[in-house]
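The structure appears below as C-alpha coordinates.
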(Lines give C-alpha, C1' and ligand atoms only; values in the text may rest on other atoms or scores of the structure.)
Protein backbone atom coordinates (compact mmCIF):
# COMPACT_ATOMS: atom_id res chain seq x y z
CA UNK A 1 0.00 0.00 0.00
CA UNK A 2 2.87 2.40 0.78
CA UNK A 3 4.34 1.59 -2.64
CA UNK A 4 1.14 2.87 -4.24
CA UNK A 5 1.51 6.10 -2.26
CA UNK A 6 5.07 6.51 -3.56
CA UNK A 7 3.85 6.06 -7.12
CA UNK A 8 1.10 8.63 -6.66
CA UNK A 9 3.53 11.12 -5.12
CA UNK A 10 5.68 10.81 -8.25
CA UNK A 11 2.60 11.41 -10.42
CA UNK A 12 1.64 14.53 -8.45
CA UNK A 13 5.14 15.89 -8.92
CA UNK A 14 4.99 15.80 -12.70
CA UNK A 15 1.45 17.06 -13.31
CA UNK A 16 0.30 20.63 -13.63
CA UNK A 17 -3.20 20.16 -12.15
CA UNK A 18 -3.07 16.98 -10.07
CA UNK A 19 -6.46 17.15 -8.36
CA UNK A 20 -7.50 13.58 -9.22
CA UNK A 21 -4.09 12.27 -8.20
CA UNK A 22 -4.29 14.18 -4.91
CA UNK A 23 -7.67 12.61 -4.23
CA UNK A 24 -6.29 9.15 -4.95
CA UNK A 25 -3.21 9.82 -2.83
CA UNK A 26 -5.39 11.00 0.03
CA UNK A 27 -7.47 7.81 -0.12
CA UNK A 28 -4.40 5.59 -0.25
CA UNK A 29 -2.68 7.36 2.61
CA UNK A 30 -5.76 7.09 4.80
CA UNK A 31 -5.66 3.33 4.33
CA UNK A 32 -1.95 2.92 5.09
CA UNK A 33 -1.13 2.35 8.75
CA UNK A 34 1.04 5.10 10.22
CA UNK A 35 3.79 2.66 11.18
CA UNK A 36 4.06 1.56 7.53
CA UNK A 37 4.32 5.20 6.44
CA UNK A 38 7.04 5.80 9.01
CA UNK A 39 8.98 2.81 7.68
CA UNK A 40 8.83 4.31 4.18
CA UNK A 41 9.48 7.89 5.29
CA UNK A 42 12.94 8.04 3.71
CA UNK A 43 11.46 7.21 0.32
CA UNK A 44 8.55 9.66 0.50
CA UNK A 45 9.34 12.76 -1.50
CA UNK A 46 7.10 15.44 -0.03
CA UNK A 47 8.81 18.32 -1.84
CA UNK A 48 6.32 18.24 -4.72
CA UNK A 49 3.44 18.72 -2.27
CA UNK A 50 5.15 21.77 -0.77
CA UNK A 51 5.83 23.09 -4.28
CA UNK A 52 2.13 22.88 -5.09
CA UNK A 53 1.41 25.13 -2.11
CA UNK A 54 3.50 27.84 -3.76
CA UNK A 55 1.61 27.67 -7.03
CA UNK A 56 -1.76 29.11 -7.94
CA UNK A 57 -4.12 26.18 -7.38
CA UNK A 58 -7.77 25.98 -6.53
CA UNK A 59 -8.77 25.92 -2.89
CA UNK A 60 -9.88 22.29 -3.10
CA UNK A 61 -6.43 21.25 -4.28
CA UNK A 62 -4.71 23.25 -1.56
CA UNK A 63 -6.89 21.67 1.12
CA UNK A 64 -6.03 18.19 -0.16
CA UNK A 65 -2.33 19.05 -0.04
CA UNK A 66 -2.56 20.34 3.51
CA UNK A 67 -4.51 17.26 4.63
CA UNK A 68 -1.88 15.01 3.07
CA UNK A 69 0.95 16.85 4.75
CA UNK A 70 -0.82 16.63 8.10
CA UNK A 71 -0.95 12.85 7.72
CA UNK A 72 2.85 12.81 8.05
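Taking region 23-72 as the search range and keeping residues that are within 14 Å of the chain's Cα centre (by Cα) and not in a helix (DSSP H, G or I), which one is modelled with the lowest pLDDT?
Checking each candidate, the answer is 72.
Kindly indicate the residue of region 20-35 that is touching a residue at least 24 places away in the same chain (Cβ under 8 Å) and surrounded by 14 or more Cβ atoms within 10 Å (Cβ to Cβ) and also farthest from residue 65 (Cα to Cα) among those meeting that condition.
That would be 32.
State whether the residues of region 2-14 include one that is outside any helix (DSSP H, G or I) and within 13 Å of the chain's Cα centre (by Cα). I'd like the intermediate steps shown before the answer.
First, pick out the residues of region 2-14 that are outside any helix (DSSP H, G or I): none.
No, because not a single residue in region 2-14 is outside any helix (DSSP H, G or I) and within 13 Å of the chain's Cα centre (by Cα).
The values are calculated or read from the model by the stated rules, or taken from the named source; none is laboratory data. Predicted model, so just to flag it, every value in this text is computed and none were measured. Counting neighbours? That spans all protein chains shown, and the Cβs are built from the backbone with ideal geometry, glycine included.
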